[in-house]
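Read the structure below first, then the notes.
The values are calculated or read from the model by the stated rules, or taken from the named source; none is laboratory data. Small disclaimer: the values here were computed from a predicted structure and weren't measured. FYI the Cβ positions are ideal-geometry reconstructions off the backbone, even for glycines, and counts take in every protein chain you see. Accessible surface areas use protein heavy atoms only, side chains included; no ligands, DNA or RNA. Shrake-Rupley method; radii C 1.70, N 1.55, O 1.52, S 1.80 Å.
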Amino acid sequence: MAHRTREELVVLDGGPDSSLGLAVGGRLETGSGDGYPVVGLLPPLYPERLGDPRFCAAHGTRFAYVAGEMANGIATVDLVVAVARAGMLGAFGAAGLPTRVVATAVDELSARLSGRANWAVNLIHSPTEPRAEEEIASLLLERRVPCVSASAYLDLTPAVVRCSVVGLRRDRTGEVVRARRVMAKLSRPEVAARFLAPAPRDLVRLLVDRGQVTEEEAELAACVPVADDVTVEADSGGHTDNRPMTALLPAVTAVRDAAVREYRYRSPVRIGAAGGLGTPEALAAAFAAGAAYVVTGSVNQCTIESGLSAEGKELLAHADIADTTMAPAADMFEMGVTLQVLRRGTLFASRAWLLRRAYDEHPSLEALPISMRDKLERVVFRTTVEDVWEQTRRYWLDRDPEQVVRAERDPGHRMALVFRWYLGQAGRWAITGERARRTDYQIWCGPAMGAFNRWAAGSFLDDPANRSAVQIARNLLEGAAVLTRVHQLRTCGLPLAPEASVFRPRPLA
């Protein structure tokens with residue numbers, strides 16, 4: 001009965017010698033009679049009712065569910081299209097891709113999802129490549145992408161502010177209307193405060209002086225927050241601070257509430273939850289804690305639509321909860337930033353830390369001890385340092401020549417670029433399925449993957465061929481609705497058997 005979420009349930013008092021009970025249907029009467037006293041009524045509970053309905057209205061979705069942007073195109077066009085057509089929001093993983101590749105993907109998404117607003121493209125903070133970040137921002141504006149998913153930001157940049165401000169106008173009622181929505185994913189309350197406030201005047205003025213923002217848009221920027229939605233990213237794959245959701249979500253929600261009071265917003269920014277969401281229990285907990293929507297990431301890498309190779313998906317299928325670790329990040333290597341990756345079945349993390357130690361202990365490639373250089377060339381690079389630098393040099397001459405100019409005058413930067421070659425290639429090998437480098441695969445992954453594998457074991461989702469992004473999403477949402485109903489019944493005082501809290505995956509239409 002607890003799993004019959006689409007029906008109204010009546011909680012009944014069985015009398016002094018009996019416990020509470022449940023009924024479906026029946027007739028309610030007042031006064032004395034032969035029936036049972038009613039303790040409570042539970043209306044039908046659909047997965048569509050989880051989260052904030054304003055999120056669904058704003059993004060044109062049926063469910064308050066987002067399939068997040070997995071970098072290097074792992075969140076493919078096909079994945080985004082499938083999720084969007086199923087009534088959820090999908091985000092394309094543009095981070096790490098050349099602008100021309102992102103442009104092709106955006107054009108395909110625009111064509112296949114014409115008339116829909118429930119898709120997004122990632123704009124990632126690139127402190128070492130601001131030009132690349134600006135190029136992607138310009139592309140998203142020119143192609144009129146309906147939603148920009150901003151991630152990995154430690155502070156606001158002209159690129160992300162431009163995505164927020166360009167196109168601001170007032171409608172007939174005087175309400176400020178955006179040309180696109182900005183969804184910011186973050187894991188620090190102080191960063192949340194920046195996205196929850198209006199765009200800084202100095203950045204807006206800079207954009208006006210550049211001719212990228214009009215005076216009218218600059219004036220209206222003071223009336224709205226930078227982001228429409230803020231996603232609280234807890235212990236996730238990739239860039240993460242490994243914070244627990246139960247501590248982080250309330251903290252950012254409090255920051256949001258303070259911003260609403262300070263700036264007198266007419267409607268509050270919606271706060272979503274991401275990181276560690278791989279089971280119905282995790283989704284139900286996030287919604288119960290007040291999340292307006294949920295974002296999944298790691299579990300979508302194992303789907304049939306994912307851009308990860310079959311070999312990479314096989315490694316993910318055997319991951320358990322503790323099979324992840326932290327490793328140096330390629331995009332922010334010189335800043336010492338780390339990210340969470342799969343540990344089981346790959347030696348990437350240990351080899352990446354060898355590079356980090358070499359960088360911290362020595363000022364240049366030439367200063368590396370012979371034994372260390374030999375180990376790096378044999379075990380990590382599998383080629384000479386000179387060959388790696390030549391490949392790296394050609395790459396940056398095409399992408400950002402200034403990096404080569406800087407490397408030629410700064411030995412430390414040259415060493416960082418050489419080490420980043422391995423970190424970047426390791427992710428590409430996992431996508432292309434380079435079998436000779438299987439032990440070097442870099443797969444961004446959080447503990448949600450292991451939790452999902454345990455939940456899916458023995459069910460139809462245990463078979464990789466059945467792991468579509470939509471089936472995973474539908475089962476997570478259906479299970480979350482069931483567990484929410486179970487919680488409601490327990491708060492009414494009903495003693496429920498342990499199996500009531502178990503939702504097994506099944507094919508859902």
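Structural remarks
- Residues of region 185-243 that are small (G, A, S), surrounded by 20 or more Cβ atoms within 10 Å (Cβ to Cβ), in contact (Cβ under 8 Å) with a residue 60 or more places away in the chain and in a loop (DSSP other than H, G, I, E, B): S187, A227, S236, G237.
- Some residue of region 158-178 being touching a His at 6+ places or on another chain (Cβ under 7 Å) and either open to solvent by 10 Å² or more (accessible area, probe 1.4 Å) or over 27 Å from Y263 (Cβ atoms) (or both): no
- Selection over region 158-183 of residues that are in a loop (DSSP other than H, G, I, E, B) and either β-branched (V, I, T) or in contact (Cβ under 8 Å) with a residue 60 or more places away in the chain (or both) gives a count of 3.
- Residues in region 448-467 that are open to solvent by less than 30 Å² (accessible area, probe 1.4 Å) and not in a helix (DSSP H, G or I): S459, R467.
- Condition check for A500: open to solvent by 20 Å² or more (accessible area, probe 1.4 Å), at pLDDT below 95 and of a type in the set (A, V, I, L, M, F, W, C): no
- Residue count for region 421-432, restricted to those that are open to solvent by less than 20 Å² (accessible area, probe 1.4 Å) and either among the aliphatic types (A, V, I, L, M) or farther than 17 Å from D331 by Cα (or both): 3.
- Some residue of region 433-447 being of a type in the set (A, V, I, L, M, F, W, C), surrounded by 21 or more Cβ atoms within 10 Å (Cβ to Cβ) and out of contact with any strand residue (DSSP E or B) (no Cβ under 6 Å at 6 or more places or on another chain): no
- All positions within region 280-298 that are under 11 Å from the mean Cα position of the chain (by Cα) and of a type outside the set (S, T, N, Q): V294, V295, G297
- Cross-chain or 6+ apart pairs with Cβ under 8 Å, region 480-509 first and of a type in the set (G, A, S), then part of a loop (DSSP other than H, G, I, E, B): A480/L50; A481/T5; A481/L45; A481/Y46; A481/L50; A500/A2; A500/H3
Matching residues to (1) out of contact with any Gly (no Cβ under 9 Å at 6 or more places or on another chain); (2) over 30 Å from G312 (Cα atoms); (3) open to solvent by 10 Å² or more (accessible area, probe 1.4 Å); (4) at pLDDT 95 or above:
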position: Y46; (1), (2), (3), (4): yes, yes, yes, yes
position: A57; (1), (2), (3), (4): yes, yes, yes, yes
position: R62; (1), (2), (3), (4): no, yes, yes, yes
position: Y65; (1), (2), (3), (4): no, no, no, yes
position: I74; (1), (2), (3), (4): no, no, yes, yes
position: V81; (1), (2), (3), (4): no, no, no, yes
position: A84; (1), (2), (3), (4): no, no, no, yes
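- Residues satisfying the stated conditions in region 395-404, i.e. in contact with a helix residue (DSSP H, G or I) (Cβ under 9 Å, 6 or more places away or on another chain) and loosely packed, with under 12 Cβ neighbours inside 10 Å: E402
- Every test in (1) touching a residue at least 40 places away in the same chain (Cβ under 8 Å); (2) open to solvent by less than 40 Å² (accessible area, probe 1.4 Å); (3) more than 13 Å from L476 (Cα to Cα); (4) part of a helix (DSSP H, G or I) is passed by G272 save one, and that test is (4).
- Pairs are defined by a Cβ separation below 6 Å, a sequence spacing of at least 6 or placement on different chains, a first member in region 452-474 that is more than 23 Å from A274 (Cα to Cα), and a second member that is open to solvent by 20 Å² or more (accessible area, probe 1.4 Å) and of a type in the set (K, R); the pairs so defined are S459/R504.
- S126, sole failed condition from (1) in a helix (DSSP H, G or I); (2) within 21 Å of Q212 (Cβ to Cβ); (3) open to solvent by 10 Å² or more (accessible area, probe 1.4 Å): (1)
- The residues of region 3-21 that are modelled with pLDDT under 90 and crowded, with 16+ Cβ neighbours inside 10 Å amount to a single one, L20.
- Filter pass, F460 being touching a His at 6+ places or on another chain (Cβ under 9 Å), closer than 27 Å to E7 by Cβ and not aliphatic (A, V, I, L, M): no
- Consider region 129-157 and keep the residues that are among the charged types (D, E, K, R) and without any contact (Cβ under 8 Å) to a residue 40 or more places away in the chain. The one that is least open to solvent (accessible area, probe 1.4 Å) is E133.
- Residue under evaluation S110, criteria (1) over 26 Å from L308 (Cβ atoms); (2) open to solvent by 10 Å² or more (accessible area, probe 1.4 Å); (3) not basic (K, R), criterion not met: (1)
- Some residue of region 410-428 being outside any loop (DSSP other than H, G, I, E, B), touching a residue at least 24 places away in the same chain (Cβ under 8 Å), basic (K, R) and under 23 Å from L97 (Cβ atoms): yes
- Members of region 468-489 found to be part of a helix (DSSP H, G or I), out of contact with any strand residue (DSSP E or B) (no Cβ under 8 Å at 6 or more places or on another chain), open to solvent by 10 Å² or more (accessible area, probe 1.4 Å) and not acidic (D, E), listed by number: V470, Q471, R474, L483, T484, H487
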